[in-house]
Amino acid sequence: MHGRANTCCFTGHRPEKLPWGADETDPRCAALKRKIRDAVESAYDGGMRHFICGMARGCDFYFAEAVLTLRREKGDVTLEAAIPCAAQSGGWPEADQARWHSLLAQCDLETLVQEQYTRGCMLRRNRYMVDHSALLIAVYDGVSGGTRHTLEYAIRQKVPFLDIPPVVTQ
């Protein structure tokens with residue numbers, strides 16, 4: 001069973017805000033994926049067993065994939081999709097929609113924050129994740145946007161966070 005004490009959520013940038021865009025063959029992307037994987041493993045070592053992902057393109061996908069890999073290795077890990085609205089993936093490129101559906105099918109739990117899209121549904125989804133978590137992992141570059149709002153909300157709620165810069169320096 002999962003509760004807030006053993007739950008970790010994630011926030012991070014979409015491809016448009018990453019230096020390599022959607023090119024996941026870029027070595028910087030591979031380095032970031034390793035850092036996310038390390039952060040997920042560290043959260044697991046710290047007692048986290050339930051992970052919540054907002055299911056956005058980019059870093060959210062990397063996070064979900066890292067959690068699914070950990071679940072295959074450890075077995076006692078669950079992944080929850082926090083979906084801001086039913087049409088979340090509707091306007092995305094076909095490959096991203098397929099990836100979203102594939103990840104969603106592998107989740108242990110789906111939480112639909114609201115049925116219809118509104119301007120505030122993404123922020124509502126982010127608050128849901130923070131409100132149900134004891135740790136936030138963030139891929140954040142300092143730029144204004146949803147990731148920053150989520151991080152600031154976590155700080156106000158006194159939820160500890162692990163910040164991963166999007167460009168990993170060796």
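Every number in this text was worked out from the coordinates using simple rules, so none of it is lab data. For clarity, every value in this text was computed on a predicted model and none was experimentally measured. Please note: Cβ atoms are built from the backbone with ideal geometry, for glycine as well, and neighbour counts cover all protein chains shown.
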I'd like to know which of 98, 20, 9 lies farthest towards the positive end of the charge dipole of the stretch 1-101, counting +1 on Cβ of Lys and Arg and -1 on Cβ of Asp and Glu. 9
Can you return the lysines within cross-link range of residue 74? Criterion is Cα-Cα under 24 Å, with same-chain partners fewer than 8 residues away left out. 33, 35
Per the helix-only calculation at 222 nm, which mean residue ellipticity applies to the chain, given -39500 (n - 2.57) for every DSSP H run of n ≥ 4 and division by its residues, nearest 500 deg cm²/dmol? -13500 deg cm²/dmol
Put in order of increasing Cβ neighbours within 10 Å, starting from the fewest, 94, 41, 80 give 94, 41, 80
The stretch 4-164 -> Rg/Rh from Cα coords, Kirkwood Rh, value 0.92
For the chain, whose charge dipole is built from +1 on Lys and Arg Cβ atoms and -1 on Asp and Glu Cβ atoms, the candidate among 128, 32, 66 with its Cα farthest towards the positive end is 128
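Figure the gain on full extension for residue 28 and residue 76 (residue separation times 0.36 nm, minus the Cα-Cα span) and round it to one decimal in nm.
On the way: separation 48, 0.36 × 48 = 17.28 nm, distance 3.03 nm.
Extra length available between residue 28 and residue 76 comes to 14.2 nm.
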For 123, 32, 151, 79, ascending order of other Cβ atoms within 10 Å (fewest first) is 123, 151, 79, 32
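How big is the charge dipole of the chain about its Cα centre, in debye rounded to the nearest 20, if each Lys and Arg gets +1 on its Cβ and each Asp and Glu gets -1 on its Cβ? Don't skip to the end; give the middle numbers.
Details: 21 positive and 21 negative charges, 81 e Å.
With Lys and Arg at +1 and Asp and Glu at -1, about 380 debye.
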